[in-house]
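The values are calculated or read from the model by the stated rules, or taken from the named source; none is laboratory data. All values derive from a computational prediction rather than experimental measurement. When we count neighbours, we look across all protein chains shown, and the Cβ atoms used for this are built from the backbone with ideal geometry, even at glycine.
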Amino acid sequence: MEINATIPTHRAQPVRIHRNAVAPVVAGPWTVEAIQALLDKPFMDLLFEAQTVHRQHWPAGNIELATLLSVKTGGCPENCGYCPQAAEFDTGVKADKLMEVDEVVRAAQAAKDAGATRFCMGAAWRAPKDRDIEKVSALIGAVKGLGLQTCATLGMLESHQAQALKDAGLDYYNHNLDTAPEYYSDVVSTRAYQDRLDTLAHVRTAGISVCCGGIVGMGEAPVHRAGLIAQLANLQPYPESVPINSLVRVPGTPLADSAPVDPLDFVRVIAVARITMPKARVRLSAGRQQMGDAVQALCFLAGANSIFYGDKLLVTGNPDVEADVQLLGKLGLNGHRTTTTEKEQTECR
Ligand code: SF4
């Protein structure tokens, strides 16, 4: 039986719901104004709505534990203002060449032995060359051979490169939009927003699942946070995985002196990501070391259901494993390992 209801008025288009319906899946479109209105809701109302949406689509208390390996570190020609791997910033990160297959297999096997089901490989390239794709394809094949799902984040891809990665067995590709289009040039000047969207389209066309999110705390205005969520939520379909990062202010990067984000504002972004992308894994990503247990708990309440697990992300720190085990235990949450999921990370991508 249909009842004459719309929910809620912030959605760009009213949604008719049926009595006994589980939950309407809203695939957009979302306006920036509608998302801004969500961000501005009374905090408790916003968290209540986000947790309600979360429980309609996900089992309560289930947290994905993702891990990530940097297979090619540093020396990147891009100038992402948050990233310690950019060659032009003096951050102390040493540039390494691509790891050999046997090294990666050892790491993947160790991840599998620790319970991982998915393994993510990150490389600090602007855009891989075809010969790089060949080498990474060998890594993907080897990791796949261990019975793990595979994920990669390699920078911008051409369509034939995305297809080659798919053919090699790649399951997920991470490529973050970082922020709203209007603020993008304040963060990076060596590429355009459309470049990111093009790569995401190539990945989708190749049949690879998408991991795509952004970073909060780079000096952006609230409207830019709304703009980022609008971009993500309006992708058709929206990403399977949405990493939300809190900027890790690394000395030597241009954004090192950014004002810290208000923790409650960060929680709001998590909540709005959950509401607008109900079936996505929303990953609480970089910046957890600075948050403390209470803020992380609020993020879980707001709908985050994935974290990076392990002492290091790509080159920045992460809470140690024991601290995460204790936190999840204190909160009564059930972590399950999947080495990177739909991954993403913090230094970029
Ligand atoms: S975020 Fe990625 S693309 Fe940007 S500088 Fe770092 S490694 Fe390069």
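Return yes when Ala304 is over 25 Å from Thr153 (Cβ atoms) and either at pLDDT 90 or above or part of a loop (DSSP other than H, G, I, E, B) (or both) and no when it is not. Can you show your working first?
Working: over 25 Å from Thr153 (Cβ atoms): no; either at pLDDT 90 or above or part of a loop (DSSP other than H, G, I, E, B) (or both): yes.
When the stated conditions are applied, Ala304 does not pass them.
Pairs, please: C-beta under 8 Å, at least 6 apart or cross-chain, first residue under 16 Å from Val216 (Cβ atoms) and in segment 30-45, second of a type in the set (Ser, Thr, Tyr)?
The qualifying pairs are Ile35/Thr276; Leu38/Thr276.
If I filter segment 256-268 for residues that are surrounded by 24 or more Cβ atoms within 10 Å (Cβ to Cβ), β-branched (Val, Ile, Thr), in contact (Cβ under 8 Å) with a residue 12 or more places away in the chain and out of contact with any helix residue (DSSP H, G or I) (no Cβ under 7 Å at 6 or more places or on another chain), do I get at least one hit?
Within segment 256-268, not a single residue is surrounded by 24 or more Cβ atoms within 10 Å (Cβ to Cβ), β-branched (Val, Ile, Thr), in contact (Cβ under 8 Å) with a residue 12 or more places away in the chain and out of contact with any helix residue (DSSP H, G or I) (no Cβ under 7 Å at 6 or more places or on another chain).
Take the residues in segment 232-252 that are surrounded by fewer than 24 Cβ atoms within 10 Å (Cβ to Cβ) and among the polar types (S, T, N, Q), then tell me which one is modelled with the highest pLDDT.
So the residue we want is Asn234.
If I filter segment 184-195 for residues that are among the aliphatic types (A, V, I, L, M), crowded, with 19+ Cβ neighbours inside 10 Å and out of contact with any Asp or Glu (no Cβ under 8 Å at 6 or more places or on another chain), do I get at least one hit?
Step one: list which residues in segment 184-195 are among the aliphatic types (A, V, I, L, M), which gives 187-188, 192.
Among the residues that remain, those that are also crowded, with 19+ Cβ neighbours inside 10 Å are: 187-188.
With the extra rule that they be out of contact with any Asp or Glu (no Cβ under 8 Å at 6 or more places or on another chain), the set shrinks to none.
No, because not a single residue in segment 184-195 is among the aliphatic types (A, V, I, L, M), crowded, with 19+ Cβ neighbours inside 10 Å and out of contact with any Asp or Glu (no Cβ under 8 Å at 6 or more places or on another chain).
Identify all residues within segment 182-217 that are in contact with a strand residue (DSSP E or B) (Cβ under 8 Å, 6 or more places away or on another chain) and either among the acidic types (Asp, Glu) or in a loop (DSSP other than H, G, I, E, B) (or both); write none if there are none.
Val187, Val188, Ile208, Cys212, Gly213, Gly217
Grab the strands (runs of 3 or more DSSP E) fully contained in segment 81-181, keeping just those with 1 or more residues being among the hydrophobic types (A, V, I, L, M, F, W, C), more than 16 Å from the ligand (Cβ to nearest atom) and out of contact with any Phe, Trp or Tyr (no Cβ under 8 Å at 6 or more places or on another chain).
Fully inside segment 81-181 and qualifying: 118-123.
Which residues, taken from segment 61-80, are polar (S, T, N, Q) and more than 8 Å from the ligand (Cβ to nearest atom)? Walk me through how you get there before you give the answer.
Residues of segment 61-80 polar (S, T, N, Q): 62, 67, 70, 73, 79.
Correct list: Asn62, Thr67, Ser70, Thr73.
Kindly provide the set of residues from segment 58-72 that are outside any strand (DSSP E or B), surrounded by fewer than 22 Cβ atoms within 10 Å (Cβ to Cβ) and touching a residue at least 24 places away in the same chain (Cβ under 8 Å), ordered by number.
As a first pass, look at segment 58-72 and keep what is outside any strand (DSSP E or B): 58-61, 67.
Then drop every residue that is not surrounded by fewer than 22 Cβ atoms within 10 Å (Cβ to Cβ), which leaves 58-61.
Those that are outside any strand (DSSP E or B), surrounded by fewer than 22 Cβ atoms within 10 Å (Cβ to Cβ) and touching a residue at least 24 places away in the same chain (Cβ under 8 Å): Trp58, Gly61.
Being surrounded by fewer than 18 Cβ atoms within 10 Å (Cβ to Cβ), in contact with a Leu (Cβ under 9 Å, 6 or more places away or on another chain) and over 18 Å from Tyr172 (Cβ atoms) is the filter here, so list the residues in segment 116-131 that pass it. Working first, answer last.
Looking only at segment 116-131, we keep the residues that are surrounded by fewer than 18 Cβ atoms within 10 Å (Cβ to Cβ), and these are 117, 126-127, 129-131.
Of the ones still in play, those that are also in contact with a Leu (Cβ under 9 Å, 6 or more places away or on another chain) are 117, 127.
Matches in segment 116-131: Ala127 only.
Six or more apart or on different chains, Cβ atoms under 6 Å: show the pairs whose first residue is in segment 93-108 and free of Cβ contacts under 8 Å to residues at least 40 places away in the same chain and whose second is in a helix (DSSP H, G or I).
If the second residue must be in a helix (DSSP H, G or I), the pairs left are Leu98/Lys135; Val104/Leu139.
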